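Student: Quick one: the structure is below, and I'll ask about it shortly.
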Amino acid sequence: MTGRVALDCDVRVTSATLRFASVPFAIPLHLSSGAISELTEARVHIDVERRDGRTATGLGSVLLSYPWAGGTDTAMRSTVGRLTNLATTLGYGDPLELGTRLLDELPHLALPHLALPRRALPRLAAEVALGPVDQAVHDAWARAAGRSAYGLYTAEFLAHDLGAYLGPDFAGRWPSDWLARSPQQRLPIQYVLGVDEPASNAEGRDWIKVKLAGSVDADLARVRAVAAPGRTLSLDPNEAYTRVADLRRFLASVDTAYVRYVEQPVPRGERGPGPARIPVLADEGLPDPRHLDALAGWDGIVVKTCRGQTAALLAYCWAKHRGRFVVQQDLTHVGPALAHAAAFAAHCSYSVRAFECNSLKFAPAGNADLVAERPGLVTERDGSIEASVQGVGIR
């Protein structure tokens, strides 16, 4: 990147702290890879100083979902710690610059010595470990300005346009080009139905995300059992289809009258299935957001704030500029992570409006603070929740 001009609003990380807490699940969340009954929440607090001397503290949070991301809880904890310490060495920059510097470090951190003998920490696990650190940087940067982060992603506050990150086609474009100035007040809820969970649990729901097991006949029967007039489905096998022929048979048979899209049916690292009757989106298999043009065989992408504000923002802007199908999904966010995900969604325009909000069902204990601070965010009414955007920082 050339032509860097120092901005008063640039920040450097002066200190950072990390703490972990166990979050129990009220009921297990069953994925194709197994059941999740408890996860570790990582919270990172970051102190920053601007070039003009202003200071602020930002917060980032994520559940270390190792069954989804890969790796182990121990390895992901270790990686969050290393990235938290690394953030204090980055020098001055805007949050996209600092975030991409941290992304550049992930290949060096995904090494076998991180409690994973004889195999590397998966890229996705490293990205989730980066999530709370990167979020905290964006949050502190915006809090130092006393404003919402979503109103600061402009030429006035960022050193480089999107061309510096996503390629020359994005020159002259800024994240603010695709972010709403006035966030949505309410978000319709997408209800998640775990693998083997009774279809009857979906009664009275308009938006359903159905977890699948990767067996064609069983999955088709599952979809038929959940489908109902007035109901919109998305399907998520979580990489369970290991045979392309099986996936193509499934996609050719599924009822498109109800199904809106399918998430990551094949293992990460594999090419997408190509043209299908319904959009097929990359999720676990997303690359570094700066390399999204290399995606092949996919109709669109899933944005997840657990990968960090930098990655989520760049991925969203890429999809909007490229005209791709794009949705935002959850990682059973709790507490500040849920508030962040809701604020992000409230400022975006997605191909499907439904907001996945798993913790209301699976991990309500993790939202204890929100019950008092933002009750509308954790209280479903008429199939939606309040976005509860505060207007300062990232949430």
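None of the figures in this text is laboratory data; all of them are computed from the coordinates on show. None of these values were measured; they are calculated from a predicted model. All Cβ positions, glycine included, derive from the backbone under ideal geometry; neighbour counts span all protein chains shown.
Student: Can you work out the FRET efficiency for the pair T242 and R277, with r the C-beta to C-beta distance and R0 = 22 Å, to the nearest 0.05? Before the final figure, lay out the partial values.
Tutor: Numbers: r = 21 Å, r/R0 = 0.97.
Efficiency at R0 = 22 Å is approximately 0.55.
Student: Would you mind listing how long region 11-173 runs along its three principal axes, going by Cα atoms, in whole Å with the largest first?
Tutor: That gives 47, 33, 29 Å along the principal axes, largest extent first.
Student: Using alpha carbons only, how many degrees (0 to 90, rounded to 10) separate the axis of helix 216-226 from the longest principal axis of the chain?
Tutor: Its long axis makes an angle of about 90 degrees.
Student: On to the next question. Suppose the chain between A155 and D382 were pulled fully straight at 0.36 nm per residue; how much longer would it get relative to their current alpha carbon spacing?
Tutor: Values: separation 227, 0.36 × 227 = 81.72 nm, distance 3.94 nm.
Value of the extension gain: 77.8 nm.
Student: What's the extension gain from R101 to D196 if we count 0.36 nm per residue and subtract their Cα-Cα distance?
Tutor: On the way: separation 95, 0.36 × 95 = 34.20 nm, distance 4.16 nm.
Contour length minus Cα-Cα distance gives 30.0 nm.
Student: Specify the inter-centroid distance of region 53-112 and region 152-225, based on alpha-carbon positions, in whole Å.
Tutor: 23 Å
Student: For region 193-285, just list the percent of Cα-Cα distances falling in each 5 Å bin from zero outward, please.
Tutor: 3, 14, 29, 27, 16, 8, 2, 0
Student: Further question: In whole angstrom, how far apart do the alpha carbon centroids of region 242-259 and region 266-294 sit?
Tutor: Cα centres, region 242-259 to region 266-294: 16 Å.
Student: Hey, what did region 177-386 get for relative contact order, percent, Cα under 8 Å, at least 6 apart?
Tutor: 21 percent
Student: Using a Förster radius of 35 Å, what is the FRET efficiency between R4 and S351 based on their Cβ-Cβ separation? Nearest 0.05, please.
Tutor: Values: r = 35 Å, r/R0 = 1.00.
Between R4 and S351 the formula returns 0.50.
Student: Which FRET efficiency value, to the nearest 0.05, is calculated for A225 and H291 with the Förster distance at 35 angstrom and r the Cβ-Cβ distance? All intermediate terms of the calculation are to be shown ahead of the outcome.
Tutor: Numbers: r = 39 Å, r/R0 = 1.11.
Efficiency for this residue pair is about 0.35.
Student: Could you work out how much longer the chain between T55 and E270 gets when fully extended? Use 0.36 nm per residue separation minus the Cα distance between them, nm to one decimal. All intermediate terms of the calculation are to be shown ahead of the outcome.
Tutor: On the way: separation 215, 0.36 × 215 = 77.40 nm, distance 4.44 nm.
Extending this stretch completely gives an extra 73.0 nm.
Student: What is the magnitude of the charge dipole of the chain about its Cα centre, with +1 placed on the Cβ of each Lys and Arg, -1 on the Cβ of each Asp and Glu, and no other charges, expressed in debye to the nearest 20? Kindly include the intermediate steps, with their values, before the conclusion.
Tutor: Details: 42 positive and 43 negative charges, 51 e Å.
With Lys and Arg at +1 and Asp and Glu at -1, about 240 debye.
Student: Considering Cα pairs under 8 angstrom that are at least six residues apart, work out the relative contact order of the chain and quote it in whole percent. Please list the in-between numbers first.
Tutor: Values: 897 pairs, mean separation 72.3, N = 395.
Across the chain, relative contact order equals 18 percent.
Student: Mind checking the angle between helix 309-322 and the chain's longest principal axis? C-alpha axes, 0 to 90 degrees, to the nearest 10.
Tutor: 60 degrees
Student: Based on Cα coordinates alone, diagonalise the gyration tensor for region 270-348, multiply each eigenvalue by 5, take square roots, and list the semi-axes in whole Å, largest first. Please report the intermediate quantities before stating the final value.
Tutor: Numbers: eigenvalues 101, 31, 27 Å².
Value: 23, 12, 12 Å, ordered largest first.
Student: Report the convex hull volume per residue for region 241-395, counting only C-alpha atoms, in Å³.
Tutor: Roughly 124 Å³ of hull volume per residue.
Student: In region 174-205, whose amide N lies under 15 Å from the spot 7 Å out along Cα-to-Cβ of A218? List them in ranges.
Tutor: What the label zone holds, given the 15 Å backbone N cut-off, is 194-199.
Student: Right, here's the next one. Students often forget the sequence filter, so: which lysines lie under 26 Å Cα-Cα from K320 once same-chain residues fewer than 8 apart are removed?
Tutor: Cross-link targets: K209, K304.
Student: Right, another one. Using the Cα centre of the chain as origin and beta-carbon charges of +1 (Lys, Arg) and -1 (Asp, Glu), tell me which of A136, L96, L251 is placed farthest towards the positive end of the dipole.
Tutor: L251
Student: Continuing with the same structure: Read phi for every residue in region 96-106 and hand back ³J(HN,Hα) as whole Hz from Karplus 6.51 cos²θ - 1.76 cosθ + 1.60, θ = phi - 60°, with x for Gly and Pro.
Tutor: With the stated coefficients, region 96-106 comes to 6, 5, 5, x, 6, 5, 5, 4, 5, 7, 4 Hz.
Student: Another question, then. For a test of the definition: using alpha carbon positions, the gyration tensor, and the 1.5 limit on a/c, classify region 93-227 as rounded, prolate or oblate.
Tutor: Values: a/c = 2.46, a/b = 1.42, b/c = 1.73.
In terms of gyration-tensor shape, oblate.
Student: Now for a different question. Out of residues 5 or more away from S148 or on other chains, whose amide H comes under 5 Å of its own, with H placed 1.01 Å from N in the peptide plane?
Tutor: G393
Student: State the dimensionless ratio Rg/Rh of the chain (Rg: radius of gyration of Cα atoms; Rh: Kirkwood radius).
Tutor: On the way: Rg = 20.1 Å, Rh = 21.1 Å.
My calculation puts Rg/Rh at 0.95.
Student: What are the ³J(HN,Hα) values, in whole Hz, obtained from phi via the Karplus relation 6.51 cos²θ - 1.76 cosθ + 1.60 with θ = phi - 60°, for each residue of region 159-171 in sequence order, with x given for Gly and Pro?
Tutor: 6, 9, 7, 5, x, 5, 10, 10, x, x, 5, 9, 4
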